[in-house]
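Visitor: Here it is, the structure, as structure tokens.
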Amino acid sequence: RKEVEQDPGPFNVPEGATVAFNCTYSNSASQSFFWYRQDCRKEPKLLMSVYSSGNEDGRFTAQLNRASQYISLLIRDSKLSDSATYLCVVNRPGNQFYFGTGTSLTVIP
Amino acid sequence: NAGVTQTPKFQVLKTGQSMTLQCAQDMNHNSMYWYRQDPGMGLRLIYYSASEGTTDKGEVPNGYNVSRLNKREFSLRLESAAPSQTSVYFCASSEVFSGTDTQYFGPGTRLTVL
């Protein structure tokens, strides 16, 4: 079983829509959680960390459910510039990071 | 600040050839990493260096070697390239070797092995 699993999509949504991505992780000892963004043929960049109580950064909200071992990312009022692949990343003891395969989002005018 | 730089950007090798991928960071980070990204697989850790003078294997180390030349530079060597090593290689760095620290990635090297 993969350490981190994501629905690859693609998600095609109109501008202004709200879209949510989920990610599940297999190791219950996982300690830290992140969402990275990767534009086409570019390097991944940190979008936001995910905290146990949930956290928000502008139009982006991240949630963690340890009991069910999943992480979510909600994007409100989607912009064209949000089009990218979103990578779910999990860190467990030993400090190695495990990346999901990514969820592709295209925001349509 | 250039951040994390990688050379070359593109490379084509024949099976059996060797090459070294170079990575440098100017953020005074202690930890550096090499990943490969393949379609449908996500990024996978090849090797990492938690601090200058140390290196450790990641998830997929076979066929690779690394050298932490100094605090700034971390190179990845393919001694005898194989078609299965066709991939995009990313170098990354973080301030410390911590589960909570942000990793900063270089622009990647696109390698094709024929």
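The values are calculated or read from the model by the stated rules, or taken from the named source; none is laboratory data. Note that the structure is predicted; figures quoted are calculated from it, not measured. No Cβ is skipped: glycine too gets one built from the backbone with ideal geometry, and neighbour counts run over all protein chains shown.
Visitor: In the range B:1-46, what count of residues is obtained for those that are touching a Cys at 6+ places or on another chain (Cβ under 8 Å) and under 15 Å from residue B:113 (Cβ atoms)?
Guide: Within the range B:1-46, residues that are touching a Cys at 6+ places or on another chain (Cβ under 8 Å) and under 15 Å from residue B:113 (Cβ atoms) number 1.
Visitor: Where the second residue is surrounded by 20 or more Cβ atoms within 10 Å (Cβ to Cβ) and small (Gly, Ala, Ser) and the first is modelled with pLDDT of 95 or more and lies in the range B:65-81, which pairs have Cβ atoms under 6 Å and are six or more apart or on separate chains?
Guide: Listed pairs, sorted by first residue: B:68/B:49; B:72/B:24; B:73/B:24; B:74/B:49.
Visitor: Failed condition for residue B:36, given (1) out of contact with any helix residue (DSSP H, G or I) (no Cβ under 9 Å at 6 or more places or on another chain); (2) within 14 Å of chain A (Cβ to nearest Cβ); (3) modelled with pLDDT of 95 or more, with all others met?
Guide: The single condition residue B:36 does not satisfy is (1).
Visitor: While we're here: Kindly indicate whether residue A:69 is at positive phi, surrounded by 14 or more Cβ atoms within 10 Å (Cβ to Cβ) and of a type in the set (S, T, N, Q).
Guide: Numbers: at positive phi: yes; surrounded by 14 or more Cβ atoms within 10 Å (Cβ to Cβ): yes; of a type in the set (S, T, N, Q): yes.
Spelling it out, residue A:69 is indeed at positive phi, surrounded by 14 or more Cβ atoms within 10 Å (Cβ to Cβ) and of a type in the set (S, T, N, Q).
Visitor: So residue B:53 fits all but one of (1) over 25 Å from residue A:40 (Cβ atoms); (2) in contact (Cβ under 8 Å) with a residue 24 or more places away in the chain; what number is the exception?
Guide: (2)
Visitor: Go through the range A:86-109 residue by residue and tally those that are of a type in the set (Phe, Trp, Tyr) and surrounded by fewer than 23 Cβ atoms within 10 Å (Cβ to Cβ). Lay out the reasoning, then the answer.
Guide: In the first step, residues of the range A:86-109 are kept if they are of a type in the set (Phe, Trp, Tyr); the result is A:86, A:97-99.
Narrowing further to those that are surrounded by fewer than 23 Cβ atoms within 10 Å (Cβ to Cβ): A:98.
Residues flagged as of a type in the set (Phe, Trp, Tyr) and surrounded by fewer than 23 Cβ atoms within 10 Å (Cβ to Cβ) within the range A:86-109 amount to 1.
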